[in-house]
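Notes follow once the structure below has been shown.
Where a number appears in this text, it was derived from the coordinates with a stated rule and is not lab data. Computed from a prediction, not measured in an experiment: that's the story for all the values here. Cβ: placed from backbone, ideal geometry, glycine included. Neighbour counts: every protein chain shown.
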Amino acid sequence: MSQATDLPDEVAGWIDAVRYEETGDFPVERGYIWTACASVENGNPLFWDDKAAAEITGGPIAPPSMLSTWFRPHHWAPDVEEQRLPLQVHFDLKDRLDLPEAVMSDNTMTFHEPVRPGDVLSTRQRLRSVSPEKTTKLGIGRFWVIDVEYHNQRGELVGVESWTGFGYRRDGEAS
Amino acid sequence: MKAGTVLPDLTYDVSSTTVVLGALATRDWRPQHHDYHFATERNGVRDIFLNAPNQAAWFERYVTDWTGPFGRLGRMSFRMHDSVFPGDQMRLSGKVVDVEDDGAGCRWVSLEITLSVADRTCSTCSARVAVPVDPDDNPWSRRGERWQP
């Protein structure tokens, strides 16, 4: 993706900068792992059979695709008045670039160290690129790529999610 | 295992329970995945629909059903083109597009997977999964420089 050269200084300064470092609300736990496996009828013994998990993965692990699950905020929590957004950089871009609509088009997950029950993960967001303005069937806007990096409590990288978003104005909407 | 190998199809009859269970299992509380009236009246679609993280879980299951537990996902990309609703029979189909050993001796299988409903392509996925080179190899034992997903 070509990089825009006409970005506001504030947005240009976000590119490759680490933002929104957060720790998960709760440790990785097996109840959620089993619920997730049940939801897609995934019978992989790594998640159900402790003996198989011990032999193959050195103990129980979480399905790699659950990466983002560990970071979605509780629907409610005491003393939390405003619900947090899971990909804040995306919403910052919409706001600063005055692009009221947005869609996510692509998601790439890269898996590193396995995630294990008891792990407490931390996450940080990194804006990788913002395109020049483009016209699509949705409207006029910009594409952007945001990486979400996940680490465990030992500082090991467990995964990276890369999201491609398109923020836009519908035809006829004033900027 | 070589390029061109076709994976067995997986078909599944999607119900409202499938959609709601998938949303809650991924901690996705957005109403279009559990509230029929929100989905139809606000989103303008015909029903609640499968969320993206749950689709990722379906793709993971499809891949590891084929590889067995020694298969270790390195990378997965997907793009959603259309929604999957209760009442749909979804079908996952896939094929091997490449097999290669990297510099660390890890064998990587690249897969192209399609999630479709009848003649609608709902999502497409590219997956890169490590498999054992021989009976003594275990991709899960790879760390650091020996794991290049």
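The figures follow:
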item: All aspartates and glutamates inside 14 Å of B:Lys95 as judged from Cα atoms, apart from same-chain residues fewer than 8 positions distant; result: B:Asp9, B:Asp65, B:Glu112
item: Spatial separation of Cα centroids for segment B:3-66 and segment B:104-147, in angstrom; result: 21
item: P(r) of segment B:3-67 over all Cα-Cα pairs, binned every 10 Å from zero, in whole percent; result: 21, 42, 23, 12, 1
item: Binned Cα-Cα distances of segment A:9-169, short to long, each 10 Å bin given as a whole percent; result: 10, 33, 31, 19, 7, 1
item: Acute angle (nearest 10 degrees) that the helix B:16-25 long axis makes with the longest principal axis of chain B, alpha-carbon atoms; result: 60
item: Ellipticity estimate at 222 nm from DSSP helix runs (n ≥ 4, -39,500 (n - 2.57)) divided over the protein assembly as shown, nearest 500; result: -5500 deg cm²/dmol
item: Size of electric dipole in segment B:6-146: Cβ of Lys, Arg +1 and of Asp, Glu -1, about Cα centre, debye, nearest 20; result: 380
item: DSSP bridge orientation in chain A - percent antiparallel, rounded to nearest 5; result: 95
item: Relative contact order (%) - chain B, alpha-carbon pairs under 8 angstrom, separation at least six; result: 27
item: Per-residue Cβ neighbour rank within 10 angstrom, fewest leading, B:Asp13, B:Asp134, A:Asp92; result: B:Asp134, B:Asp13, A:Asp92
item: Centre separation in Å (Cα based) which lies between segment A:89-125 and segment A:131-166; result: 6
item: Segment B:45-109 - Kirkwood radius from inverse mean 1/r over Cα pairs (Å); result: 14.1
item: Cα-based Rg and Dmax for segment B:6-146, where Dmax is the largest Cα-Cα distance (Å); result: 17.2, 56
item: Expected-Rg normalisation [2.2 N^0.38 Å, Cα atoms] applied to the protein assembly as shown; result: 1.01
item: Computed over segment A:36-85, the ratio Rg/Rh where both radii use C-alpha atoms and Rh is Kirkwood; result: 1.17
